[in-house]
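Asks: Handing you this structure, nothing more for now.
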Amino acid sequence: MKRVAVLTSGGDAPGMNAAIRAVVRYGVKKGLEVIGVRRGYAGLIDGDFVKLEYKDVSGITEKGGTILRTSRCEEFKTEAGRARAAKKFKELGAEGLVVIGGEGSLTGAHLLYEEHKIPVVGIPASIDNDISYTDKSIGVDTCLNTVIDAIQKLKDTASSHERAFIVEVMGRNSGYIALMAGLTTGAEAVIIPEVPVDYSQLAERILEERKRGKINCIIVVAEGSASAYTVARHLEYKIGYETRITILGHIQRGGVPTFFDRELALRMGVEAVNALLEGEVDTMIALQGTEYVRVPLANVLSTKKKLDLRLYELAYLLS
Ligand code: ADP
């Protein structure tokens, strides 16, 4: 094996750069030429390639986002789009492709293997931590640190003004960010897609806690469950006092990757190159416990990652 390629795709996640760095440096040390594909699958279709040398990835571990840039590419979702991408890839003469991205990107990678036998290895990167078979995906740790820092700041104001704050966090189909942020900041409630919400019960709890002397109230809501405005509308007239809304939005994606995300990304990058060198492809690198393992992409994509709802109970118990 002489030449491999690497791309980042879908939603950006802090730590993607560390994964790119590991693929490039470890690949070069193993005698490979490493080609970066810019703008994810859109760049693959266009042949937007750049050779990455050892020095090109200096000092990127600490940077959020992705130096290769990323994209959402509708054309790649069609067979014709993937055929064009496969043609460019074959013209490039690479013998392996590392795809760093979320579930959508990994689905695309799996199809590239199935339809065109392109040797792909996936690295899970998703701030939602919604990819199955891996305990953690790249970016979620940094994202949660950003979210809990913001909630902590809001708590200061919530306590001073005796107000209820509704904080909307990311999570299209998964309540992981909301749940873990709520659990670790002692929020009064978390509202997530996985659990139906009873606003009357919630309002009663808030009022009881207030009677018991609790002066701040934080409710964390996952964007995929309800908007913060909807939650406020439901609650305000029931609790009889004002709420304040904060939508954290895209600040959750950026920032300096934490130690955890750096280690995860660097080690997954190395393992992805090892998998390519050993010819074990159509697979994803996963962290299970303390071990980095390979899981067939077909298994990853056919299983929905379940939220551990014991943590939901715990969040309520400890709030
Ligand atoms: P993420 O990888 O973060 O989940 P998306 O779901 O937007 O983000 O997927 C990123 C890209 O991966 C899409 O723009 C598309 O090019 C490709 N992709 C997503 N889903 C599929 C699919 N079902 N088939 C083929 N390609 C897909």
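Any read-out appearing in this document is the output of simple, stated calculations on the displayed coordinates, not a laboratory observation. What you see is a predicted model; the values in this text were computed from it and never measured. Counting neighbours? That spans all protein chains shown, and the Cβs are built from the backbone with ideal geometry, glycine included.
Asks: Using the Karplus curve 6.51 cos²θ - 1.76 cosθ + 1.60 with θ = phi - 60°, work out ³J(HN,Hα) for each residue of region 67-76 in order, rounded to whole Hz, and write x for Gly and Pro.
Replies: Per-residue couplings from phi come out as 5, 7, 6, 9, 7, 10, 10, 5, 4, 5 Hz.
Asks: Could you grab the relative contact order for region 141-253? Cα pairs under 8 Å, six or more apart, rounded to a whole percent.
Replies: Once divided by the residue count of region 141-253, the mean separation gives 40 percent.
Asks: With the Cα gyration tensor of region 113-267 in hand, convert its eigenvalues to equivalent ellipsoid semi-axes via √(5λ) and list them largest first in whole Å.
Replies: For region 113-267, the semi-axes come out at 34, 17, 11 Å.
Asks: What percentages, rounded to whole numbers, describe P(r) for region 139-211 computed over all alpha carbon pairs with 10 Å bin width beginning at zero?
Replies: 18, 49, 29, 4
Asks: Pairing the Cα long axis of helix 259-277 with the longest principal axis of the chain, what angle in degrees results, from 0 to 90 and rounded to the nearest 10?
Replies: For 259-277 against the chain, the angle is about 30 degrees.
Asks: Over the Cα atoms of region 183-254, each weighted equally, I'd like the Debye log10 I(q)/I(0) at q = 0.17 Å⁻¹, rounded to two decimals.
Replies: Rounded to two decimals, the profile gives -0.65.
Asks: Residues of region 150-190 with backbone nitrogen within less than 18 Å of a virtual label 7 Å along the Cα-to-Cβ line of residue 77, please, listed as ranges.
Replies: So the set is 172-174.
Asks: Restricting the count to DSSP beta bridges whose residues both fall in the chain, what percent are antiparallel, rounded to a multiple of 5?
Replies: Rounded to the nearest five, the antiparallel share is 25 percent.
Asks: Oh, and also: For the chain, modelled as a Gaussian network with Cα springs under 10 Å, which listed residue fluctuates most, 233, 39, 69?
Replies: Among 233, 39, 69, the largest mean-square fluctuation in the Gaussian network model of the chain belongs to 233.
Asks: Now for a separate question. Determine ³J(HN,Hα), in whole Hz, for all residues of region 134-143 in sequence, where each value follows from phi through the Karplus function 6.51 cos²θ - 1.76 cosθ + 1.60 and θ = phi - 60°; x replaces Gly and Pro.
Replies: Result, ordered by residue: 10, 4, 9, 10, 4, x, 5, 5, 5, 4 Hz.
Asks: Now for a separate question. How would you rank 18-29, 152-163, highest first, on the average number of other Cβ atoms within 10 Å across their residues? The partial results should precede the final answer.
Replies: Values: 18-29: 23.7, 152-163: 14.2.
Answer by packing, highest mean first, reads 18-29, 152-163.
Asks: While we're here: Starting from the amide H of residue 217, placed 1.01 Å from N in the peptide plane, find each other amide H under 5 Å away whose residue is 5 or more places distant or on another chain.
Replies: 163, 165
Asks: Quick check on packing: order 292-303, 264-275, 87-98 by the mean number of other C-beta atoms within 10 Å, highest mean leading.
Replies: Details: 292-303: 16.4, 264-275: 23.9, 87-98: 18.4.
Peptide ranking by packing, descending: 264-275, 87-98, 292-303.
Asks: Ranked from highest to lowest mean number of other Cβ atoms within 10 Å per residue, what is the order of the peptides 215-224, 51-60?
Replies: 215-224, 51-60
Asks: Dipole size in debye (nearest 20) for region 141-253 around its Cα centre, Lys and Arg Cβ +1, Asp and Glu Cβ -1?
Replies: 180
Asks: What percent does the relative contact order of the chain come to when contacts are Cα pairs within less than 8 Å and at least six residues apart?
Replies: In percent, rounded to a whole number, it is 23.
Asks: Quick check: convex hull of the Cα atoms in region 213-319, volume per residue, rounded to a whole Å³?
Replies: 181
Asks: Further question: With no solvent and one equal point scatterer placed on each C-alpha of the chain, evaluate the Debye formula and give log10 I(q)/I(0) for q = 0.11 Å⁻¹, two decimals.
Replies: Summing over Cα pairs of the chain leads to -0.69.
Asks: Given a cut-off of under 8 Å on Cα pairs at least six residues apart, what relative contact order in percent is computed for region 198-280? Could you put the intermediate results ahead of the total?
Replies: Working: 22 pairs, mean separation 22.3, N = 83.
Worked out over region 198-280, it gives 27 percent.
Asks: Related question: Taking amide hydrogens as modeled 1.01 Å from N in the peptide plane, which residues meet the under 5 Å criterion relative to residue 125, leaving out close sequence neighbours?
Replies: Sorted by chain and number, the residues that satisfy this are 101, 102, 138.
Asks: Quick one: dipole size for the chain, taken about the Cα centre, charges +1 on Lys/Arg Cβ and -1 on Asp/Glu Cβ, in debye to the nearest 20. Before the final figure, lay out each step's value.
Replies: On the way: 41 positive and 41 negative charges, 122 e Å.
Value, rounded to 20: 580 debye.
Asks: Right, here's the next one. Under a point spin-label approximation (7 Å from Cα along Cα-to-Cβ), what is the residue 237-residue 291 distance to one decimal in nm?
Replies: For residue 237 paired with residue 291, the spin-label model returns 5.7 nm.
Asks: Can you sort 231, 169 from fewest to most other Cβ atoms within 10 Å of each residue's own Cβ?
Replies: Details: 231 25, 169 32.
So the ranking, lowest neighbour count to highest, is 231, 169.
Asks: Using each residue's phi in region 187-195, evaluate 6.51 cos²θ - 1.76 cosθ + 1.60 at θ = phi - 60° and report the 3J(HN,Hα) Karplus result to the nearest Hz, with x for Gly and Pro.
Replies: My calculation for region 187-195 gives 5, 5, 8, 10, 10, 9, x, 6, 10 Hz in order.
Asks: Assigning unit charges at the beta carbon (Lys, Arg +1; Asp, Glu -1) and nothing else, what dipole magnitude in debye, to the nearest 20, does region 214-253 show about its Cα centre?
Replies: Dipole about the Cα centre, nearest 20: 60 debye.
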